[in-house]
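Every number here is computed from the coordinates shown, using simple stated rules; none is lab data. Here the structure is a predicted model, which is why all the values come from computation and not from measurement. Here the Cβ is made from the backbone with ideal geometry for all residues, glycine too, and neighbour counts use every protein chain on show.
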Amino acid sequence: MSWSKTLHALEILSLLAVAGLLLLASSFSTRANSDPWTQAQTVQPSALAKELENSKTAPMVVFVGFGRLYTAGHIKSSQYHGTTSKEDGLKEFTTWAATLPRTANIVIYCGCCPMDRCPNIRPAFKALQDLGFKQVRVLILPNDFATDWADKGLPYDKGN
């Protein structure tokens, strides 16, 4: 292969690499921008723990992740009504939610993995929105439940 062809091939590969990096960066920012909730529809772990101290005004907390993780440990008083990334779990979750008043104060969380990759939290939030709930918030667990809740000493039940 001649020197000019090699140089041309390297230029093309460089352009493809840059395009790939730009596409990857764009997908990360798009994911954050594509979350179906607003900043006002989120709650931080320490704030939720404080809210849960007052049983009269505490929100209903619902775990929307994998059943085995709920069984291993979950926020005290939280409920589990299906894994919302799975069709049957989402159906179970929406069937349960349909029985609630649309004014219910609900916080959903998963914590199975880093939140930007969580397969459960977005379908659950969207389902509650579609059902007409107005007071739904997402618990922000950027890493996972263990790191962002349990390891910080916030109250949880170990096992079920």
Check your understanding: Quick one: if you stick a label point 7 Å off each Cα along the C-beta vector at A58 and D151, how many nm between them?
Key -> 2.6
Study note, to complete from the structure: Count of lysine pairs, the range 37-157, Cα-Cα under 23 Å, sep. 8 or more residues or interchain, comes to 10
